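Beneath this line is the structure, given in structure tokens, with notes to follow.
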Amino acid sequence: MPGDSTGNFNLLHRTCKLVVLLCFLHISVTVVFYVRSLDIRFAFVQNQQSHNTSTQPNRDRSTALPPRTEPKQADPKKEVAGLQESAAPQAEKKLEKCPETSPLLVGPLRVEFNIPVSLEQIKKDNPSVRPGGRFRPADCEALQKVAIIIPFRKRDEHLKFWLHYLHPVLQRQQLDYGVYVINQEGDATFNRAKLLNVGYAEALKDYDYGCFVFSDVDLIPMDDRNTYRCFSQPRHLSVSMDKFGFRLPYNQYFGGVSSMSQEHFLKINGFPNNYWGWGGEDDDIYNRLASKGMSISRPSGDVGKCRMIRHDRDKKNEPNPQRFDRIAHTRETMHKDGINSLTYRVVSAEKFDLFTKISVDVGKP
Ligand code: UDH
Ligand code: NGS
């Protein structure tokens, strides 16, 4: 049957064509999917690269900011070690010298004594002052190491005002300083100049000060440009006091607040030890300086303005009747009466938060 065989052949031929077509379709679909998958992978890699390039500047920027870190559980041992590690390079780091004129100064100050101040508040207001009334700038090396010596007896209220006003000023002046309150023990006649000598000697046991500021406890500067430091000549700082109508009472006046370097101080053999009671000891110091050919350096009347805390005359500090005779003979006596003949007994030495207090027995007339 030739018709049947031809029909079978046609059917077989069509089936084979269909199978080949299906195979071709399958291969095509596989190839298309394969090529598309290649495209996607390529695009992904490209994307990744471009992302990395675009985040590069961010990484740089992030160095300027502290890296974000997950909060960690504190390990006290590691924290102490970390502190020591970070303290070491800081100690090695040499600070630059502070500028000649502190950029922190503000100029004229408001000074008044009608509102009482407390030591607790002064301490809070001056967190950088260390025990003993010590301070030095954190970000530069101070140009001078200054010991501030205050002759003292029973003037606690005045001392609080002094600390309240002076600590902020001295810090703004970028000084490496310490405050020494030299307290005369007992009730013998007061001896201001001898207490100042004691302050010089005691402060040097504490630190290698090169400059000494001698300040009455009741005098407050009205301008922070009046720097409590030393100059090439001995300096008189309280040049323009309210009680004298903001002028000098006389040209040779050297009382109140003054400063001198160790060299100046030793050149005049320090201060006299035998002025008991009020008056004349500052004139004796002036005579000593003049006799050694030194001149007095002073700030301008404007910068040197200061206020005195008003008070009654102290007991046991009556005017010294011998003062006129003594100042007439400074040149003859100064070489044997001074820092080279100083004797005293330290009764106590205490470091308080805002000052060092040294109580001394200086004897009696
Ligand atoms: N000082 C004391 N306690 C005293 C005496 C003096 O701490 O008992 C100290 C204090 O630092 C004082 C300085 O020594 O600022 C000088 O004392 P001073 O009496 O020589 O000078 P001041 O200017 O008084 O304080 C002068 C007499 C005031 C009479 C006032 C009359 N209204
Ligand atoms: C002089 C005194 C000084 C004294 C000055 C100011 O007369 O010691 O007055 O005194 N000299 C003599 O007495 C020899 S004051 O007004 O501040 O009490 O510093």
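The values are calculated or read from the model by the stated rules, or taken from the named source; none is laboratory data. Treat the numbers as computed from the prediction; the structure is a model and nothing was measured. Using ideal geometry, Cβ is built from the backbone for each residue, glycine included, and neighbour counts are taken over all protein chains shown. Protein only, heavy atoms only, side chains kept; ligands, DNA and RNA dropped before computing areas. Shrake-Rupley method; radii C 1.70, N 1.55, O 1.52, S 1.80 Å.
If you go through the stretch 311-330 one residue at a time, do you hit one that is over 25 Å from Tyr177 (Cα atoms), without any contact (Cβ under 8 Å) to a residue 12 or more places away in the chain and under 37 Å from the mean Cα position of the chain (by Cα)?
yes
Going by the structure shown, is Phe254 more than 16 Å from ligand 2 (Cβ to nearest atom) and touching a helix residue (DSSP H, G or I) at 6+ places or on another chain (Cβ under 8 Å)? Reasoning before the result, please.
Values: more than 16 Å from ligand 2 (Cβ to nearest atom): no; touching a helix residue (DSSP H, G or I) at 6+ places or on another chain (Cβ under 8 Å): yes.
For Phe254, the condition - more than 16 Å from ligand 2 (Cβ to nearest atom) and touching a helix residue (DSSP H, G or I) at 6+ places or on another chain (Cβ under 8 Å) - is not met.
Within the group Val106, Val117, Val111, which residue is open to solvent by 90 Å² or more (accessible area, probe 1.4 Å) and hydrophobic (A, V, I, L, M, F, W, C)?
Working: Val117 fails: open to solvent by 90 Å² or more (accessible area, probe 1.4 Å); Val111 fails: open to solvent by 90 Å² or more (accessible area, probe 1.4 Å).
Among Val106, Val117, Val111, only Val106 is open to solvent by 90 Å² or more (accessible area, probe 1.4 Å) and hydrophobic (A, V, I, L, M, F, W, C).
Of all residues in the stretch 177-210, which are under 24 Å from Asn126 (Cα atoms), of a type outside the set (Val, Ile, Thr) and either surrounded by 20 or more Cβ atoms within 10 Å (Cβ to Cβ) or modelled with pLDDT under 95 (or both)?
Answer for the stretch 177-210, where residues must be under 24 Å from Asn126 (Cα atoms), of a type outside the set (Val, Ile, Thr) and either surrounded by 20 or more Cβ atoms within 10 Å (Cβ to Cβ) or modelled with pLDDT under 95 (or both): Tyr177, Gly178, Tyr180, Asn183, Gly199, Ala203, Tyr209.
Which strands (runs of 3 or more DSSP E) does the stretch 155-273 wholly contain that include 3 or more residues that are within 22 Å of Arg130 (Cβ to Cβ) and away from ligand 1 (no atom under 15 Å from the Cβ)? Walk me through how you get there before you give the answer.
Working: elements: 176-184, 211-215, 219-221, 257-261.
Correct list: 176-184.
Would you pick out the residues in the stretch 277-317 that are of a type in the set (Ser, Thr, Tyr) and either farther than 23 Å from Pro221 by Cβ or buried (at least 17 other Cβ atoms within 10 Å of the Cβ) (or both)? Lay out the reasoning, then the answer.
Going residue by residue through the stretch 277-317, those that are of a type in the set (Ser, Thr, Tyr) are 286, 291, 295, 297, 300.
Once the filter is applied, which keeps residues that are of a type in the set (Ser, Thr, Tyr) and either farther than 23 Å from Pro221 by Cβ or buried (at least 17 other Cβ atoms within 10 Å of the Cβ) (or both), the stretch 277-317 yields Tyr286, Ser291.
List the residue pairs whose Cβ atoms are under 7 Å apart, where the first residue sits in the stretch 275-294 and is modelled with pLDDT of 95 or more and among the charged types (D, E, K, R), the second is open to solvent by 40 Å² or more (accessible area, probe 1.4 Å) and away from ligand 1 (no atom under 13 Å from the Cβ), and the two are 6 or more positions apart or on different chains.
Here the result reads Asp283/Gln252; Asp283/Ile327; Asp284/Arg326; Asp284/Ile327; Lys292/Lys267, each pair linking the stretch 275-294 to a residue that is open to solvent by 40 Å² or more (accessible area, probe 1.4 Å) and away from ligand 1 (no atom under 13 Å from the Cβ).
Going by the structure shown, is Gly270 buried (at least 17 other Cβ atoms within 10 Å of the Cβ), away from ligand 2 (no atom under 12 Å from the Cβ) and among the small types (Gly, Ala, Ser)? Working first, answer last.
Details: buried (at least 17 other Cβ atoms within 10 Å of the Cβ): yes; away from ligand 2 (no atom under 12 Å from the Cβ): yes; among the small types (Gly, Ala, Ser): yes.
It is true that Gly270 is buried (at least 17 other Cβ atoms within 10 Å of the Cβ), away from ligand 2 (no atom under 12 Å from the Cβ) and among the small types (Gly, Ala, Ser).
So Ser258 clears everything in (1) of a type outside the set (A, V, I, L, M); (2) open to solvent by less than 20 Å² (accessible area, probe 1.4 Å); (3) within 20 Å of Asn320 (Cα to Cα) except one condition, right? Which one?
For Ser258, the failing item is (3).
Could you grab me the full set of residues in the stretch 274-312 that are part of a loop (DSSP other than H, G, I, E, B), within 16 Å of ligand 2 (Cβ to nearest atom) and within 26 Å of Lys145 (Cα to Cα)?
Applying the first criterion (part of a loop (DSSP other than H, G, I, E, B)) to the stretch 274-312 yields 274-277, 279-280, 292-296, 298-304, 309-312.
Keeping just the survivors that are within 16 Å of ligand 2 (Cβ to nearest atom) gives 274-277, 279-280, 296, 298, 304, 309-312.
Passing the criteria: Ile296, Arg298, Gly304.
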